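One structure below.
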Amino acid sequence: MRSVPHRPLGAPPPTLAGEIRTHSAAVTPGDVFVAIPGRRVDGARFAREAVLRGARVVVAEVPPPAGLPLEGVTWLMVPAARAALSRLAANRYGHPSARLRVTGVTGTTGKTTTAMLLRHLLTAGGRPAGLVGSLAIHTGLRQLDGGLTTPDPLDLHFFLEEMVRAGMDDAVVEVSSQGVDQARVDDVDFDLGVVTNLAPLEHLEYHAGYDDYVAAKARFVAMIPPRGAVVMGEGEARARLAPAARAPVVTFGRSPGCDVRLAGMWIDGWTSRLHVTVRGPLPLAGRPRAAASLAPSPREPYSLELRTQLLGPHHATNVLAAAAAALCLGAVPEEIETALPLFPPPRRRTQVLMREPFTVIDDTAGHPDSIAASLQVAAALPHRRIVVVYAVRGGRGVEVNAANGMRLAREAGRLGAAVIVTASQGDTSEGDAVRPAEWKACTGAMAAGGLLPVVYPRLPEALAAALETVREGDLLLLLGAQGMDRGAAYLEAMLAPAAVPSALAALPGGAFEDGSFVV
């Protein structure tokens with residue numbers, strides 16, 4: 001704790017302690033318990049239980065409660081428990097990020113695809129890279145399913161330490177605004193930052209407003225040291241976040257002034273072709289230990305001819321971001337051109353599930369821009385008619401759901417698409433469940449936009465209805481955030497005739513608690 005500001009109370013601090021815990025029920029004798037103040041409950045309320053279970057050290061923002069025996073217990077008061085946890089976690093695992101070249105990827109949309117693609121490009125170019133993201137974690141020693149976009153500091157530094165032991169050169173980490181706000185990445189030694197884009201209406205259930213959201217992103221940008229670089233999308237991201245940068249900023253986008261520019265894009269069958277121009281030498285975000293893996297950046301402007309399985313303009317910007325980042329990390333253009341076509345779309349990222357007798361695409365979309373981009377891709381692919389099954393986004397408030405409903409109405413109307421809407425009841429976590437107000441905001445905005453969709457409370461019912469209406473040559477688009485995560489599995493079961501009854505059996509109830517759900 002020498003590197004963490006604190007005021008000790010009780011017994012002198014021990015020379016050695018056990019594991020670091022944030023849940024009192026997990027404490028064993030000799031452990032350190034860090035009392036995290038949550039949004040609903042302060043972890044300091046559980047300090048007594050932690051002490052009774054044998055905690056040797058308690059780290060908290062408040063003094064010990066009256067009557068708590070501190071014989072043999074050190075109570076460390078700190079200004080910020082989350083920041084203390086970050087430092088303790090980094091200390092516990094030997095500051096592994098200092099032995100890696102670490103890229104953090106943030107943005108309103110596109111973080112997951114960009115991070116996974118960047119790891120692919122680096123690894124294909126002979127630079128072993130680990131990944132910590134919302135869909136997957138690769139440490140070089142094992143592969144895990146992802147969870148939080150940015151894990152808590154104990155898990156994050158543990159994964160980074162595994163990458164060091166596995167001989168990884170690079171680590172790619174998804175960085176959420178909540179992760180920054182909660183100090184989860186405070187002690188990660190970043191070399192490169194990537195900002196895919198920036199848009200309002202995201203995470204308003206957490207942040208006080210858009211300015212607070214932007215401030216969190218800006219704090220991440222400021223973490224990138226001058227020896228590194230920040231790859232940043234044009235437009236709102238550059239306007240709001242570039243002033244916070246201490247490192248050189250590399251811009252990407254469609255404008256002629258961008259350092260990495262999308263000069264042309266075509267959907268060619270089931271792939272996208274991109275013509276990309278690069279203005280000249282880009283800053284290299286490396287350290288002396290990584291110098292051997294850095295290729296000299298061409299000094300004259302040059303171009304890349306890229307082909308990718310990622311479809312549509314929104315993925316084109318993800319490709320730009322990943323390619324620009326790879327170039328800043330020493331990749332050469334030929335490596336990117338060779339590796340990119342081999343990268344399959346991540347799960348639920350404009351993922352083509354089937355092409356015959358009708359097309360099925362599964363896409364994550366929880367923001368108006370994502371909804372528009374998904375439908376733009378659908379319109380560009382071969383189809384007789386488009387049928388959309390949309391899962392309302394739960395746990396994010398009425399404002400973003402109203403905007404989502406309005407945008408879906410506009411795009412569906414423009415394309416003549418049929419729309420089926422579901423609340424995905426029983427198929428999300430409690431935090432992602434659709435509230436009555438969110439449902440009303442979304443469907444009300446659809447109605448105001450001239451769209452009167454068919455609605456179902458449960459996802460399997462909505463998918464079954466879609467299968468009844470699609471015909472040969474149609475395109476079925478599964479669209480939504482967490483509420484559509486089980487959509488592909490349900491659909492696969494329904495397309496196997498013997499499995500249809502089991503897929504629809506024993507489903508949870510079909511109305512909100514206030515009875516407001518009406519089919």
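The values are calculated or read from the model by the stated rules, or taken from the named source; none is laboratory data. The structure presented is a predicted model; accordingly, all values stated were derived computationally and were not measured. Here Cβ is always computed from backbone atoms with ideal geometry, including for glycine, and neighbour counts include all displayed protein chains.
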**Request:** Determine, yes or no, whether THR123 is free of Cβ contacts under 8 Å to residues at least 60 places away in the same chain, in contact with a strand residue (DSSP E or B) (Cβ under 6 Å, 6 or more places away or on another chain), more than 17 Å from PRO13 (Cβ to Cβ) and of a type in the set (Val, Ile, Thr).
**Result:** yes
**Item:** Every pair of residues 6+ apart whose Cβ atoms lie under 8 Å, when the first sits in region 245-265 and is free of Cβ contacts under 8 Å to residues at least 60 places away in the same chain and in the same structural domain as ILE224 (by TED's automatic domain parsing) while the second is part of a loop (DSSP other than H, G, I, E, B) and of a type in the set (S, T, N, Q)
**Value:** ARG261/SER255
**Prompt:** What single numbered condition from (1) at negative phi; (2) touching a helix residue (DSSP H, G or I) at 6+ places or on another chain (Cβ under 7 Å); (3) surrounded by 20 or more Cβ atoms within 10 Å (Cβ to Cβ) fails to hold for SER424?
**Reply:** (1)
**Asked** Out of VAL195, VAL185, which single residue is crowded, with 22+ Cβ neighbours inside 10 Å, under 16 Å from ALA90 (Cα atoms) and of a type in the set (A, V, I, L, M, F, W, C)?
**Response** VAL185
**Prompt:** In region 165-178, is there at least one residue being in contact (Cβ under 8 Å) with a residue 24 or more places away in the chain, assigned to a helix (DSSP H, G or I), surrounded by fewer than 21 Cβ atoms within 10 Å (Cβ to Cβ) and among the polar types (S, T, N, Q)?
**Reply:** yes
**Asked** Which of the residues spanning region 219-229 are part of a helix (DSSP H, G or I) and crowded, with 19+ Cβ neighbours inside 10 Å?
**Response** PHE220, VAL221, MET223
**Message:** Condition first: under 24 Å from the mean Cα position of the chain (by Cα) and either modelled with pLDDT of 95 or more or not small (Gly, Ala, Ser) (or both). Can you find one or more residues in region 412-419 that meet it?
**Reply:** no
**Message:** Need pairs with beta-carbon distance below 9 Å; first residue touching a residue at least 60 places away in the same chain (Cβ under 8 Å) and within region 185-200, second polar (S, T, N, Q) and part of a loop (DSSP other than H, G, I, E, B); sequence gap 6+ or separate chains.
**Reply:** VAL185/THR150; THR196/THR108; THR196/THR109; ASN197/THR108; ASN197/THR109; LEU198/THR108; ALA199/THR108; ALA199/THR109
**Asked** When the residues of region 230-246 are filtered to those that are small (Gly, Ala, Ser) and either farther than 17 Å from ASP369 by Cβ or more than 19 Å from the chain's Cα centre (by Cα) (or both), which remaining residue is surrounded by the fewest Cβ atoms within 10 Å (Cβ to Cβ)?
**Response** ALA239
